[in-house]
Amino acid sequence: MKLGTPSTRSSPGDNPKLVRGCPCYKEFGVEKVCLNNDDVLPINSISVDPGFFGQTNSIDDLAAFNSDNPSMCYLLIYLDEESGHTFCVSQGQELLINSKAVSTTEIQAALQFVLASEKASDGIVCSSCLYKYLMTLGETFEDLLSEGERAELISGYVKEFTTEMAIYLSGASSIGSEPENLEIINSRISELVKLRGECARLIQSLRDRNAETSLLKLVDAYRTLFRLEAVFLFQVVTLRESADQNVSVDLIRFMVEMAERVLYAIDEIRESTIRILEKDHMPADLKEFLNRHAEIRKSTEARFTDLIRILGEIETRSTQKGL
């Protein structure tokens with residue numbers, strides 16, 4: 001696993017956890033620093049697998065592994081569920097941000113959020129995401145940012161997350177420059193328009209052969225799926241090109257509703273396909289069409305499921321905070 005990528009190791013009993021990644025870890029250029037206890041301490045970080053520490057039932061079990069070097073960072077934190085506090089494993093210190101303790105419950109919530117939304121290539125990204133979650137969506141630190149600052153951070157995250165999702169929906173394997181990203185997304189939108197046309201032709205062909213209504217509805221469900229994905233991608237492009245920096249709660253809600261409609265269409269496709277296959281009367285051209293899109297549909301379902309989870313939480317928290 002790469003440096004600082006959030007992961008957890010659960011132990012028996014009270015199930016305390018070791019987490020690879022730390023919200024107090026920051027990198028400025030080539031300099032790595034620790035911001036714990038509102039300090040700025042230059043550090044040297046190393047990647048230590050949580051399994052190295054074996055059975056850990058309390059913070060005391062980790063005392064023997066504390067570093068004698070105050071600038072050494074394992075990029076590991078310990079969630080002590082008994083006290084509800086979070087500790088730095090390398091130094092044995094409690095995590096404090098703006099003199100406030102970092103609670104285990106908020107780290108756990110941040111982890112669920114980050115692991116669902118980020119495909120980090122290193123610990124810096126994931127650790128920064130943990131910090132951003134605590135600052136923007138957590139409750140303990142909600143008074144540290146103004147409404148404008150929080151709205152700006154949330155908007156930036158929504159734009160980055162939806163852009164990343166759009167890129168992977170478009171079949172790309174990595175994120176490129178802004179012009180490259182927009183070109184990839186726009187290319188996928190054009191492809192979806194063509195796929196809708198293919199669906200229309202297939203529907204007409206099935207009608208000409210007096211095919212059962214269930215077959216027509218199946219292809220039409222795919223046409224709906226392609227349309228909804230295109231609408232989502234177009235919205236992402238609009239977000240990237242918009243001069244308005246902040247993303248409104250209404251827009252987030254719209255994207256969540258769009259994702260829910262995508263999942264509804266996918267459910268309809270799955271159920272219809274199963275019923276038709278049971279009757280064993282699927283035309284060859286329809287079978288070829290379904291085989292061609294089956295794996296992509298599964299990937300699309302997984303990504304829109306994550307989108308509902310992530311943007312749904314952002315919408316809820318933003319509404320609570322009156323953004």
All but one of (1) at negative phi; (2) at pLDDT below 80 hold for Asn69, so report the exception by its number. (2)
Sort through Phe113, Phe87 and tell me the only one that's in a helix (DSSP H, G or I) and either at pLDDT 75 or above or surrounded by fewer than 24 Cβ atoms within 10 Å (Cβ to Cβ) (or both). Phe113
Which number in (1) surrounded by fewer than 20 Cβ atoms within 10 Å (Cβ to Cβ); (2) in contact (Cβ under 8 Å) with a residue 60 or more places away in the chain marks the one condition that Lys194 misses? (2)
Within the range 43-58, the residues that are outside any strand (DSSP E or B) and not small (Gly, Ala, Ser) are Ile43, Ile46, Val48, Asp49, Pro50, Phe52, Phe53, Gln55, Thr56, Asn57
Would you check which residues across the range 165-183 are buried (at least 19 other Cβ atoms within 10 Å of the Cβ) and in a helix (DSSP H, G or I) and list them? Met165, Ala166, Ile167, Leu169, Asn181
Tell me whether the range 67-75 contains one or more residues that are under 18 Å from Lys132 (Cα atoms), buried (at least 17 other Cβ atoms within 10 Å of the Cβ) and of a type in the set (A, V, I, L, M). yes
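Counting just the residues of the range 149-183 that are aromatic (Phe, Trp, Tyr) and either closer than 17 Å to Phe304 by Cβ or more than 15 Å from the chain's Cα centre (by Cα) (or both), which one comes out modelled with the lowest pLDDT?
Out of the qualifying residues, it is Phe161.
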Just one of the numbered conditions (1) modelled with pLDDT of 90 or more; (2) touching an Asp or Glu at 6+ places or on another chain (Cβ under 8 Å); (3) more than 18 Å from His293 (Cα to Cα) is not true of Leu192; which one? (3)
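Which members of the range 21-42 meet the condition of being among the hydrophobic types (A, V, I, L, M, F, W, C) and either in contact (Cβ under 8 Å) with a residue 12 or more places away in the chain or not in a strand (DSSP E or B) (or both)?
Cys22, Cys24, Val30, Cys34, Leu35, Val40, Leu41
When the residues of the range 195-220 are filtered to those that are of a type in the set (Asp, Glu) and under 35 Å from the mean Cα position of the chain (by Cα), which remaining residue is farthest from Ile274 (Cα to Cα)?
Here is the first cut: in the range 195-220, the residues of a type in the set (Asp, Glu) are 198, 208, 212, 220.
Next, only the ones that are under 35 Å from the mean Cα position of the chain (by Cα) stay: 198, 220.
On the way: Glu198: 22, Asp220: 16 Å.
Here the answer is Glu198.
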Which residues, taken from the range 258-289, are surrounded by 12 or more Cβ atoms within 10 Å (Cβ to Cβ), hydrophobic (A, V, I, L, M, F, W, C) and either without any contact (Cβ under 8 Å) to a residue 60 or more places away in the chain or more than 15 Å from Leu215 (Cα to Cα) (or both)? Met258, Ala259, Val262, Leu263, Ala265, Ile266, Ile269, Leu277
Exactly one of (1) in contact with a strand residue (DSSP E or B) (Cβ under 9 Å, 6 or more places away or on another chain); (2) surrounded by fewer than 20 Cβ atoms within 10 Å (Cβ to Cβ); (3) more than 19 Å from Thr105 (Cα to Cα); (4) in contact (Cβ under 8 Å) with a residue 24 or more places away in the chain is unmet by Ser45. Its number? (2)
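Please find, among Arg275, Arg317, Arg240, Arg253, the residue that is at pLDDT 85 or above, of a type in the set (Lys, Arg) and either more than 30 Å from Arg201 (Cβ to Cβ) or assigned to a helix (DSSP H, G or I) (or both).
Details: Arg317 fails: at pLDDT 85 or above; Arg240 fails: at pLDDT 85 or above; Arg253 fails: at pLDDT 85 or above.
From the options Arg275, Arg317, Arg240, Arg253, the qualifying one is Arg275.
Residue-wise test of (1) outside the structural domain of Glu183 (by TED's automatic domain parsing); (2) in contact (Cβ under 8 Å) with a residue 12 or more places away in the chain; (3) under 30 Å from Leu134 (Cα atoms).
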{"site": "Asn210", "(1), (2), (3)": "no, no, no"}
{"site": "Tyr222", "(1), (2), (3)": "no, yes, no"}
{"site": "Ser248", "(1), (2), (3)": "no, no, yes"}
{"site": "Val256", "(1), (2), (3)": "no, yes, yes"}
{"site": "Leu307", "(1), (2), (3)": "no, yes, yes"}
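The values are calculated or read from the model by the stated rules, or taken from the named source; none is laboratory data. Keep in mind that this is a model prediction, so the values were computed, not measured. Every residue, glycine among them, receives a Cβ derived from its backbone with ideal geometry; neighbour counts consider all protein chains shown.
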